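Here's the structure, in structure tokens; my notes come after.
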Amino acid sequence: MNYLRVLDDWLMHRMCRSCGSPLVLQPDHCGLICPECSPALEAQFLDSDVCLVCGAPRIGGYDVCRRCRESPPAFESHRSVFLYHSLPAALIVDFKGRGHRQLSDYFAAVLADSIPPCDLLVPVPFRPESIRRRPFDPVSVVVKQLSRRCGIPWVQAMYRKKGRSQKSLNQEDRARNMAGAVGVRNSMGERLSGKIVCLVDDVFTTGATVHACAGVLLASGTRTVHARTIAMD
Ligand SMILES: [Zn+2]
Ligand SMILES: [Zn+2]
């Protein structure tokens with residue numbers, strides 16, 4: 001039992017975000033969700049009926065969606081664990097916006113099952129502006145725990161230049177905004193050369209961010225790039 005966590009849950013009067021039961025009574029909880037509610041949340045997982053490339057819910061009889069057929073992304077595959085709605089969306093806001101770091105346990109646990117065979121985990125780099133607004137980089141925190149769970153090394157291989165947030169942009173502007181906004185750190189070329197990398201991010205919206213990151217990684221000698229995110233918007 002993690003006594004520090006029990007003490008912390010007790011001091012903070014933490015409740016399960018799904019059913020409201022006190023978490024101090026359920027010390028084996030993962031983040032802000034009690035063990036009883038975890039399976040119900042997992043039932044919201046994106047099922048296997050998705051585009052084989054981008055992981056979007058499948059529409060029509062094609063294995064690969066129209067968007068991926070018309071302009072294939074730089075990544076080999078992408079899958080999200082959840083659709084970005086209801087409780088999963090609220091949890092991501094709790095984690096990123098309200099600083100509930102303990103949720104990283106939960107996100108790492110649910111992501112772990114979706115990680116493909118790979119040599120390295122690489123977090124999608126944060127915007128330098130956003131790290132000033134919150135005391136931690138949420139994606140790196142999850143990747144660190146994911147690495148421990150999966151036994152796959154992780155490396156902060158990429159950086160992001162200052163730029164506009166993707167939030168308010170449409171699909172075309174997002175792609176334009178991302179081009180040139182990410183890069184591979186100077187010392188990382190050798191580490192990435194010939195490797196299979198899995199990029200990890202929190203939310204997949206149009207895919208412009210992971211597409212841009214995958215393109216840069218491939219240009220630096222990475223053999224294959226997969227991507228996994230917590231939720232798809
Ligand atoms: Zn619960
Ligand atoms: Zn697709």
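A few points about this structure:
- Here Gly20 meets each of (1) buried (at least 16 other Cβ atoms within 10 Å of the Cβ); (2) not assigned by TED's automatic domain parsing to the domain that holds Gly215 with one exception, condition (1).
- Residue in region 81-101 that is within 30 Å of Ser193 (Cα to Cα) and away from ligand 1 (no atom under 16 Å from the Cβ) present: yes
- Scanning region 179-219 for residues that are among the small types (Gly, Ala, Ser), farther than 23 Å from Arg66 by Cα and outside any helix (DSSP H, G or I) yields Gly180, Ala181, Gly183, Ser193, Gly194.
- Qualifying position, being touching a helix residue (DSSP H, G or I) at 6+ places or on another chain (Cβ under 7 Å) and surrounded by 11 or more Cβ atoms within 10 Å (Cβ to Cβ), among Val64, Val6: Val6
- Residue match in region 76-91 (condition: within 29 Å of His211 (Cβ to Cβ) and loosely packed, with under 13 Cβ neighbours inside 10 Å): yes
- Of all the numbered requirements in (1) surrounded by fewer than 19 Cβ atoms within 10 Å (Cβ to Cβ); (2) away from ligand 2 (no atom under 16 Å from the Cβ), Ala108 misses one, and that requirement is (1).
- Checked against (1) more than 18 Å from the chain's Cα centre (by Cα); (2) in contact (Cβ under 8 Å) with a residue 12 or more places away in the chain; (3) within 13 Å of ligand 1 (Cβ to nearest atom), Pro27 passes all but a single condition, namely (3).
- Those residues of region 1-17 which are farther than 21 Å from Pro138 by Cα and near ligand 1 (Cβ under 10 Å from one of its atoms), in sequence order: Met15
- Scanning region 35-61 for residues that are away from ligand 2 (no atom under 16 Å from the Cβ) and either in contact (Cβ under 8 Å) with a residue 40 or more places away in the chain or out of contact with any Lys or Arg (no Cβ under 9 Å at 6 or more places or on another chain) (or both) yields a count of 10.
- Counted residues, region 17-33 - those being more than 15 Å from Asn2 (Cα to Cα) and either in a loop (DSSP other than H, G, I, E, B) or hydrophobic (A, V, I, L, M, F, W, C) (or both): 6
- Yes/no for Leu32 being over 24 Å from Leu121 (Cα atoms), away from ligand 2 (no atom under 16 Å from the Cβ) and surrounded by fewer than 17 Cβ atoms within 10 Å (Cβ to Cβ): no
The values are calculated or read from the model by the stated rules, or taken from the named source; none is laboratory data. Keep in mind that what you see is a predicted model, and the values were worked out from it rather than measured. Methodologically, a virtual Cβ is constructed for each residue, glycine included, from the backbone with ideal geometry; neighbour enumeration extends over all protein chains shown.
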